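What follows is a set of notes on a single structure, which appears directly below.
The values are calculated or read from the model by the stated rules, or taken from the named source; none is laboratory data. Small disclaimer: the values here were computed from a predicted structure and weren't measured. Positions of Cβ are backbone-derived with ideal geometry, glycine not excepted, and every protein chain shown enters the neighbour counts. Heads up: the accessible areas ignore ligands, DNA and RNA and are worked out on the full protein's heavy atoms, side chains in. Shrake-Rupley method; radii C 1.70, N 1.55, O 1.52, S 1.80 Å.
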Amino acid sequence: MTLTNTTPRPLIAGNWKMNGLSAALDEARAVAAELDRQPAAARVAIFPPATLLHRLAEAVEGSFVLTGGQDCHDKRSGAHTGDISAEMIADAGGTLVIVGHSERRTDHGETCQHVAAKTEAAIAAGLEPIICVGESLAQREAGEAVAFVVGQLRNSLPVSLAGKTFNVAYEPLWAIGTGHVASVDNIVEMHAAIRAELIALFGEDGRAVQILYGGSVKPENAREILAAPEVGGALVGGASLKAKDFLAIIEAA
Ligand code: PEP
C-alpha cells in the first residue's frame, strides 16, 4: 500500500479466538519488541482470549501493539454469567473490540440487532469497534453475496455510530480458517459495495471508515490483498498466533 499524508494507517488485527495460555504472551511480547525495533506502517492490535487480555495489555504497554476484546455484552453490567462488558475490556487495558464475528453469530445465535447493540455499548465505553460481516458459501454460489453483506452491514450498524471511529471487517465465512482466500476481484467488489453503503448511511464520514479483509490471510497472500483498493487492513486469525507470521503480515501492509 502506498501511504500519503491523508491515507489512514492500515489496521492489522490479530484475533487469537479461543487459543492461548500464559505462554502465548511471549508471542505478543515478540511482536511488540520487533515493532519497537522497526516501527510498522500499520496500526497493530491483538485480540487475545478474555482470560489473557489484562496480562497481555500490561505485557505490551508502551509499545506499538494495541489490544482489544473478541466480543462484548451490550449491557454495562448485571446478571449475565460468562459475559464481559465493553467497560471491562477498557478496564483491562483494551482499546478496541471485535463485534459480530461469524463464529459469534453462528455459535451464539447473535443477530444483527445484537451486533448493533454491542457496537453501541463499545462506543459508550470508548472502544473502537470492528464490526464483522460476511456471506456463506451458499449465498455466494447463489449470487446473493453482495446483497446479503450490504443488508447485514446496514442492520449491524447503530445510527449512533455517526461521527465515531469504527472499522468494518469483510470476512466471507467460507474463507475463515479454511485456507480458501477470497480472490482479489471478490474482495474489491465487496469492499466497494461496503464503502457505498457506508457513504449512504453516514455521508462523507463513511469514507473514513477502514474496511478490513479477513479470511485465511497469510504471509504469502497479505501483500496482494492489502494493496487492493478499499482494503484498509486485515483481520487475521490463525496466522496471528505466531509472532513470525503475524509480523510478516504487518510488514506487508
Ligand atoms: C477470523 O477468524 O477472523 C479469521 C480471519 O480467521 P483466519 O485468518 O484463520 O481465516
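Numbers at a glance
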| item | result |
| --- | --- |
| Whole-number accessible area per residue in Å² for the stretch 125-253, which is evaluated in the context of all protein chains at 1.4 Å | 40 |
| The stretch 2-63, accessible surface, carbon-and-sulfur percent (1.4 angstrom probe) | 52 |
| Cα lying deepest toward the dipole's positive end in the chain, options A234, V209, P39, charges on Cβ | P39 |
| Label-point gap, in nm, between H180 and A196 - each point 7 angstrom along Cα→Cβ | 2.6 |
| Principal axis dimensions, largest first and in whole angstrom, of the stretch 149-253 by Cα | 39, 23, 21 |
| Built amide H within the under 5 Å cut-off of E128, gap 5+ | L96, V97 |
| Ranked by how many other beta carbons lie within 10 Å on average, peptides 229-236, 36-43 from highest | 229-236, 36-43 |
| Farthest toward positive dipole pole in the stretch 14-168 [+1 Lys/Arg, -1 Asp/Glu at C-beta], among N155, I131, S102 | N155 |
| Solvent-accessible area per residue for the stretch 54-101 (1.4 angstrom probe, square angstrom) | 50 |
| Solvent-free Debye scattering, log10 I(q)/I(0), computed from the Cα coordinates of the stretch 51-173 at q = 0.23 Å⁻¹ | -1.30 |
| Cut-off under 5 Å, modelled amide H: who pairs with E110 long-range | R105 |
| Carbon + sulfur, % of accessible area of the stretch 172-231 - ligands and nucleic acids excluded, 1.4 Å | 53 |
| Proximal aspartates and glutamates relative to K164, as straight alpha-carbon distance under 12 Å, when same-chain residues fewer than 8 apart are discounted | E120, E128, D205 |
| Convex hull (Cα only) mean projected area of the stretch 122-189, reported in nm² to one decimal | 5.4 |
| Relative contact order of the stretch 95-155, pairs being alpha-carbon contacts under 8 Å that are 6 or more residues apart, as % | 39 |
| Rounded to the nearest 20 debye, dipole of the stretch 11-240 from Cβ charges on Lys, Arg, Asp, Glu | 160 |
| The chain: calculated mean residue ellipticity at 222 nm from DSSP helix runs of at least 4, using -39500 (n - 2.57) | -11500 deg cm²/dmol |
| Cα gyration tensor of the stretch 11-240 - equivalent ellipsoid semi-axes, whole Å, descending | 25, 21, 17 |
| Relative packing of peptides 167-176, 145-154, 121-130 - highest average C-beta neighbours within 10 Å first | 167-176, 121-130, 145-154 |
| Separation of alpha-carbon centers, the stretch 174-208 and the stretch 79-151, rounded to whole Å | 16 |
